[in-house]
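*Asks:* Quick one: structure below, then a few questions.
The values are calculated or read from the model by the stated rules, or taken from the named source; none is laboratory data. Only a predicted model underlies this, so the values are computations on that prediction, with no experimental measurement involved. A quick note on method: Cβ atoms are made from the backbone with ideal geometry, for glycine too, and the neighbour counts reach across all protein chains shown.
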Amino acid sequence: MPGTTRLKLRRLPQVWATYPWVLLTRRPPMSEFVEPADIVAAVDGVVLDGADIARYAAMCGFEPSAGVPVTFPHVLAMPLHLKIFALRAFPLRPMGLIHLSNSIQNPGALVAGMRVDVAVCARNYQRTDAGVTFDMDTDITSGGQSLWRETCVFLARWPESMARSGARPPRPPKAPKDSTVLAELEVTRETAWAYARVSSDFNPIHLSNRAARFFGLRGAISHGMWSLARALAEAPTAAIPLGTVIGTQFLSPVQLPARVAIKEWSEEGQVKRALCDVRTGRVHMYVWWDAVTRA
């Protein structure tokens, strides 16, 4: 079994210094894929900057009084994601990765101004019919106590010459017809640029039609984590107690520009929200968590 590669950094990496390595570091062909060692990148004493949190909250639609948005720590960990992607030890082409699903749990309270330790690990590589999946796990702690955890599942697709036949995995249900429409939104390239500035996610597939087409897309697509944050932020603001697991599946990209609807419904004790194309009804992503039980 492969071991673990560990990077202990003094500070969060500079995003603009890391991106060239993400883009230009050569990777072996997918046909030569061999499961690598787990890669861990960690930084201690990262400050939860109140101004950064406020800018992020405003862009994603969270109320200023809501505290640290439950999706904000993903942004805090983003420079460590990129640091791992930039390493030669990371075997997959970062720019072609597809974000399949997301799981967030917040066992503790995060407060602006506090110092936290951030650790990110790329692990659990799996061969599938569609390609190679792996997990990007993040754990944010303070004083040894876990305050926020996330698992992002990514897919690196096989090249067409290696594509495997097989049934697609079952997709989750679409938003029911009687779901409540909470909002309709215009999503444009300007939206993507605004999110990039508050998240440090300057992946060119979100910002440039030409770059998106180079990576096999029809054009620029919206950030998946913006879709998740915006769906959770929409009024009535989601009541998500500490310790709740928030699950997300990304089904189809939001092709820019687009008009989308945020829909909500309840099912089997869970609250569910979906981001849907207004014209076709296609579900781009949906998120769910256990409903709050009131006495």
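*Asks:* Is it the case that TRP289 is crowded, with 18+ Cβ neighbours inside 10 Å, touching a strand residue (DSSP E or B) at 6+ places or on another chain (Cβ under 6 Å) and either assigned to a helix (DSSP H, G or I) or not small (Gly, Ala, Ser) (or both)?
*Replies:* Details: crowded, with 18+ Cβ neighbours inside 10 Å: yes; touching a strand residue (DSSP E or B) at 6+ places or on another chain (Cβ under 6 Å): yes; either assigned to a helix (DSSP H, G or I) or not small (Gly, Ala, Ser) (or both): yes.
In short, yes.
*Asks:* Which is over 25 Å from PRO13 (Cβ atoms) and at pLDDT 95 or above, of LEU242, LEU182, LEU228, LEU217? Working first, answer last.
*Replies:* Values: LEU242 fails: at pLDDT 95 or above; LEU228 fails: over 25 Å from PRO13 (Cβ atoms); LEU217 fails: at pLDDT 95 or above.
Result: LEU182 is the single residue among LEU242, LEU182, LEU228, LEU217 that is over 25 Å from PRO13 (Cβ atoms) and at pLDDT 95 or above.
*Asks:* Tally up the residues in the stretch 106-118 that are surrounded by fewer than 19 Cβ atoms within 10 Å (Cβ to Cβ) and not in a loop (DSSP other than H, G, I, E, B), please. Reasoning before the result, please.
*Replies:* Narrowing the stretch 106-118 to residues surrounded by fewer than 19 Cβ atoms within 10 Å (Cβ to Cβ): 107-109, 111-115, 117.
Those left that are additionally not in a loop (DSSP other than H, G, I, E, B): 115, 117.
The qualifying residues number 2.
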